[in-house]
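K.L.:
Here it is, the structure in full.
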Amino acid sequence: MKVLGIETSCDETAVCVIETHGDLPDAKLKILGNQLYSQVALHAKYGGVFPNMAKREHAKNLVPLLEKCLTEANISKEKKQKISAEKNEKIKKILEREEGLFEMLEKFAEKIEKPDIDAIAVTNGPGLEPALWVGVSFAKALGELWNVPLYPVNHMEGHIVVASVDKVSEKEFVFKKIDHPAIALLISGGHTQLVLNKETLNYEIIGDTKDDAVGEAFDKVARILGLPYPGGPEISKLAEKERREFPDKETAYPLPRPMIHSNDLNFSFSGIKTAVLYTVKKIPELTGAIKQEIAREFEDAVVEVIILKTRQAVIEYGARTIVIGGGVSANKKIREDFTILARELGIELMVPEVSASTDNAFMIALAGYVNITSGKKPQMDFRAQGNLRLSED
Ligand code: KG4
Ligand code: ZN
């Protein structure tokens with residue numbers, strides 16, 4: 001089966017085609033085409049993501065990315081053709097709010113034949129609603145153009161599912177068998193959640209942040225320290241350097257470990273960010289050496305909290321697997337410390353490939369495939385939902 005995945009929930013525009021063989025749990029799959037355009041450089045100037053700019057950029061980039069992706073996948077055939085007036089009208093209506101997208105898709109449709117695609121999976125939430133809508137409308141337009149079934153996918157489910165495949169060669173993967181129940185820790189720019197996963201596609205949110213998400217805290221602290229956006233990787237680099245240069249140094253800038261005594265599975269990261277702000281205000285000259293020391297202490301504090309809460313969740317629910325996912329799971333220290341935690345608890349750890357940790361369309365195509373093979377029905381009438389949750393609780 002060939003699935004086209006589309007992702008536009010934040011500042012990455014991405015499309016991917018996967019080809020799967022066999023059924024779960026023993027399915028194999030291959031990435032046929034995988035294209036991503038990151039708007040990071042554009043938003044970096046403003047220190048964060050602007051929803052309307054993200055929306056415009058998605059609309060501009062989706063068709064060129066799709067063309068590239070189909071060519072890469074070797075399923076793009078040129079053929080001059082006329083789209084019926086009736087179909088064209090329908091597509092125009094679907095794309096009426098997405099500036100310039102109809103005109104681009106119309107040109108594309110007149111020169112490229114329907115590719116060999118069995119289903120389209122698209123992120124319909126959570127994320128920035130205007131950005132999500134572009135992907136959703138585009139998927140609906142393609143579904144109409146090609147008569148292909150559509151599957152809305154929860155972005156966070158994508159982050160979980162992508163941790164459950166193992167790379168066997170450059171483009172080939174196999175599904176790992178997940179030993180349930182699993183506890184998934186989702187850490188991204190918008191989310192910090194502990195999720196109980198009792199069986200495939202069954203989720204219960206058992207812990208959540210009361211304020212900032214982990215990635216958001218990384219990005220805000222980076223900004224306070226004068227580091228570029230997105231701050232996560234920058235902080236991580238500095239922290240690593242500090243650990244290498246001064247492995248045993250006790251910090252002169254201690255930060256709190258919020259919520260470690262809260263006796264629940266919730267998080268709070270805004271206090272730690274404020275603590276960094278106060279610390280920095282008191283420092284007469286914020287040198288590179290001090291930034292590096294603060295970056296390490298911040299990363300240590302965050303990792304300590306997420307490790308402690310995950311351990312608590314594993315014990316409370318008798319979990320046999322820990323899954324980590326979301327952009328922040330690209331973090332080296334987090335990967336190392338979770339490896340140690342899983343070993344100590346004697347359970348499995350599932351982590352995505354570093355390159356598939358941050359937003360991409362591969363994870364959406366994968367989650368789409370898992371939904372399809374689990375018997376989910378295609379949908380035509382669905383909305384983009386900025387606050388879409390993994391479970392109704
Ligand atoms: O999942 P993602 O790509 O987008 C959302 O769905 O939010 O996550 C992006 C977040 C950003 O806050 C970014 O700073 C953070 O992931 N991030 C990292 C690292 N790489 C990305 N945070 C810490 N360490 C990293 N290496
Ligand atoms: Zn994400």
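K.L.:
Step by step: first the residues of the stretch 1-10, then only those that are open to solvent by less than 10 Å² (accessible area, probe 1.4 Å) and within 16 Å of ligand 2 (Cβ to nearest atom), then the one that is nearest to ASP116 (Cα to Cα). Which residue is that? Spell out the reasoning first.
P.N.:
Narrowing the stretch 1-10 to residues open to solvent by less than 10 Å² (accessible area, probe 1.4 Å): 3-9.
Imposing the further condition that a residue be within 16 Å of ligand 2 (Cβ to nearest atom) reduces the set to 5-9.
Details: GLY5: 14, ILE6: 16, GLU7: 20, THR8: 23, SER9: 26 Å.
Among residues in the stretch 1-10 that are open to solvent by less than 10 Å² (accessible area, probe 1.4 Å) and within 16 Å of ligand 2 (Cβ to nearest atom), the one nearest to ASP116 (Cα to Cα) is GLY5.
K.L.:
Filtering the stretch 90-108 down to residues that are of a type in the set (A, V, I, L, M, F, W, C) and more than 18 Å from LEU150 (Cα to Cα), which residue is most open to solvent (accessible area, probe 1.4 Å)? Give the steps one after another, and end with the answer.
P.N.:
In the first step, residues of the stretch 90-108 are kept if they are of a type in the set (A, V, I, L, M, F, W, C); the result is 91, 94-95, 101-102, 104-105, 108.
Now drop any that are not more than 18 Å from LEU150 (Cα to Cα), which leaves 101-102, 104, 108.
On the way: LEU101: 0, PHE102: 20, MET104: 64, PHE108: 4 Å².
Here the answer is MET104.
K.L.:
Scan the stretch 44-89 residue by residue and report those that are open to solvent by 60 Å² or more (accessible area, probe 1.4 Å) and touching a Lys or Arg at 6+ places or on another chain (Cβ under 7 Å).
P.N.:
Answer for the stretch 44-89, where residues must be open to solvent by 60 Å² or more (accessible area, probe 1.4 Å) and touching a Lys or Arg at 6+ places or on another chain (Cβ under 7 Å): GLU78, LYS80.
K.L.:
Take GLY368 and decide whether it is within 12 Å of ligand 1 (Cβ to nearest atom) and either outside the structural domain of ILE160 (by TED's automatic domain parsing) or touching a residue at least 12 places away in the same chain (Cβ under 8 Å) (or both). Lay out the reasoning, then the answer.
P.N.:
Working: within 12 Å of ligand 1 (Cβ to nearest atom): no; either outside the structural domain of ILE160 (by TED's automatic domain parsing) or touching a residue at least 12 places away in the same chain (Cβ under 8 Å) (or both): yes.
When the stated conditions are applied, GLY368 does not pass them.
K.L.:
With the condition being away from ligand 2 (no atom under 16 Å from the Cβ) and in contact with a Leu (Cβ under 7 Å, 6 or more places away or on another chain), I'd like the helices (runs of 4 or more DSSP H) fully within the stretch 85-170 carrying at least 3 qualifying residues.
P.N.:
101-111, 129-146
K.L.:
Within the set of pairs 6+ apart or on separate chains, which have a first residue in the stretch 123-150 that is closer than 14 Å to PHE382 by Cβ and in contact (Cβ under 8 Å) with a residue 12 or more places away in the chain, a second that is within 16 Å of ligand 2 (Cβ to nearest atom) and among the acidic types (Asp, Glu), and C-beta atoms under 8 Å apart?
P.N.:
From residues that are closer than 14 Å to PHE382 by Cβ and in contact (Cβ under 8 Å) with a residue 12 or more places away in the chain, the pairs are THR123/GLU7; GLY135/GLU7.
K.L.:
Look at SER76 and say whether it is assigned to a loop (DSSP other than H, G, I, E, B), more than 23 Å from the chain's Cα centre (by Cα) and outside the structural domain of GLU216 (by TED's automatic domain parsing). Give the steps one after another, and end with the answer.
P.N.:
Values: assigned to a loop (DSSP other than H, G, I, E, B): yes; more than 23 Å from the chain's Cα centre (by Cα): yes; outside the structural domain of GLU216 (by TED's automatic domain parsing): yes.
Answer is yes for this residue.
K.L.:
Also, quick follow-up: Of all residues in the stretch 307-332, count the ones that are within 16 Å of ligand 1 (Cβ to nearest atom), within 22 Å of SER355 (Cβ to Cβ) and open to solvent by less than 40 Å² (accessible area, probe 1.4 Å).
P.N.:
Number of matching residues: 9.
K.L.:
What residue, among those in the stretch 186-245 that are among the β-branched types (Val, Ile, Thr) and over 22 Å from ARG311 (Cα atoms), is nearest to ligand 1 (Cβ to nearest atom)?
P.N.:
Here is the first cut: in the stretch 186-245, the ones among the β-branched types (Val, Ile, Thr) are 187, 192, 195, 200, 205-206, 209, 214, 221, 224, 235.
Filter once more, so that each one left must be over 22 Å from ARG311 (Cα atoms): 221, 224, 235.
Values: VAL221: 10, ILE224: 14, ILE235: 6 Å.
It comes out as ILE235.
K.L.:
Just a yes or no: is a residue in the stretch 180-191 surrounded by fewer than 21 Cβ atoms within 10 Å (Cβ to Cβ), in contact (Cβ under 8 Å) with a residue 24 or more places away in the chain and more than 19 Å from the chain's Cα centre (by Cα)?
P.N.:
So far as the stretch 180-191 goes, yes, one or more of its residues are surrounded by fewer than 21 Cβ atoms within 10 Å (Cβ to Cβ), in contact (Cβ under 8 Å) with a residue 24 or more places away in the chain and more than 19 Å from the chain's Cα centre (by Cα).
K.L.:
A further question on this structure: I'd like the full set of residues that are at pLDDT 95 or above and acidic (Asp, Glu), limited to the stretch 119-170. Please lay out each step first, then the result.
P.N.:
First, pick out the residues of the stretch 119-170 that are at pLDDT 95 or above: 119-169.
Once the filter is applied, which keeps residues that are at pLDDT 95 or above and acidic (Asp, Glu), the stretch 119-170 yields GLU129, GLU144, GLU157, ASP166.
K.L.:
Applying the selection to the stretch 195-232, what residues are more than 16 Å from ligand 2 (Cβ to nearest atom), within 21 Å of PRO256 (Cα to Cα) and open to solvent by less than 20 Å² (accessible area, probe 1.4 Å)?
P.N.:
GLY207, VAL221, ALA222, LEU225
The values are calculated or read from the model by the stated rules, or taken from the named source; none is laboratory data. Bear in mind that the values here come from a model prediction, so they are computed numbers and not experimental data. All Cβ positions, even for glycine, are placed from backbone atoms using ideal geometry, and neighbour counts span all protein chains on display. Just so you know, the surface numbers come from the protein's heavy atoms only, side chains and all, with ligands and any DNA or RNA stripped out. Shrake-Rupley method; radii C 1.70, N 1.55, O 1.52, S 1.80 Å.
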